[in-house]
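Engineer: Mind looking over this structure? Questions follow.
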Amino acid sequence: MSTLRELRQKRERAEDWIGYAGWTAIGTAVLSGTIIIAPALNHPAESPARLPLLTTVLGPPLVGYKLARERSQWAAWGLMAMSIASFVLDAMARGVLSGIVWKVIIGYVYVRGFLGALDYHEVGKEISSTNVG
């Protein structure tokens, strides 16, 4: 049986990782969006070819914001699904080892944020039951 203090610390750690994952999703989307949009501005004829890539840049910041703001488990699942799909598609397009360091770092933050989102609600229930009892 955990003490109330330990439960609150566990919830705070989960909340921190949720925030890290959300802001990482937003930051990587902004960075990749810049990489996609900047060349299109220099060469407007290539813009239609880059348009489908823009949709993959719009999803993660929205989900990341919802995750960081509301600590939504659905947003955590969505972020994991999008990141796995992105990593698989990138590996198919550029090779498995291309950008592996960044994939591992970002993947670690996303997984910790995902687990934090799952823990956050469970620990919140335990804290509520401890406060009542």
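Engineer: Please specify each residue of the stretch 89-133 satisfying the condition of being open to solvent by 70 Å² or more (accessible area, probe 1.4 Å), within 30 Å of THR3 (Cβ to Cβ) and not aromatic (Phe, Trp, Tyr).
Structural biologist: Result: ARG112, LEU115, GLU122, LYS125, GLU126, SER129, ASN131, VAL132, GLY133.
Engineer: Right, something else. Kindly indicate which of ILE18, ILE35 is at pLDDT below 90 and either open to solvent by 80 Å² or more (accessible area, probe 1.4 Å) or closer than 30 Å to SER129 by Cα (or both).
Structural biologist: ILE35
Engineer: Follow-up question, since we're still on this one. Going residue by residue through the stretch 63-83, is there one that turns out to be surrounded by fewer than 13 Cβ atoms within 10 Å (Cβ to Cβ), more than 30 Å from SER128 (Cβ to Cβ) and out of contact with any strand residue (DSSP E or B) (no Cβ under 9 Å at 6 or more places or on another chain)?
Structural biologist: No: the stretch 63-83 contains no residue that is surrounded by fewer than 13 Cβ atoms within 10 Å (Cβ to Cβ), more than 30 Å from SER128 (Cβ to Cβ) and out of contact with any strand residue (DSSP E or B) (no Cβ under 9 Å at 6 or more places or on another chain).
Engineer: Just to confirm my filter: which helices (runs of 4 or more DSSP H) fall fully inside the stretch 14-133 and include at least 3 residues that are of a type in the set (Asp, Glu) and more than 17 Å from the chain's Cα centre (by Cα)?
Structural biologist: On the way: elements: 47-70, 73-94, 100-132.
Output list is empty.
Engineer: Could you look through the stretch 1-13, keep only residues that are part of a helix (DSSP H, G or I) and in contact (Cβ under 8 Å) with a residue 12 or more places away in the chain, and pick out the one that is surrounded by the most Cβ atoms within 10 Å (Cβ to Cβ)?
Structural biologist: LEU7
The values are calculated or read from the model by the stated rules, or taken from the named source; none is laboratory data. Here the structure is a predicted model, which means the values were calculated and not measured. Quick reminder, even Gly has a Cβ in these numbers, built from the backbone with ideal geometry, and neighbours come from all protein chains shown. For accessibility, only protein heavy atoms count, side chains too; no ligands or nucleic acids. Shrake-Rupley method; radii C 1.70, N 1.55, O 1.52, S 1.80 Å.
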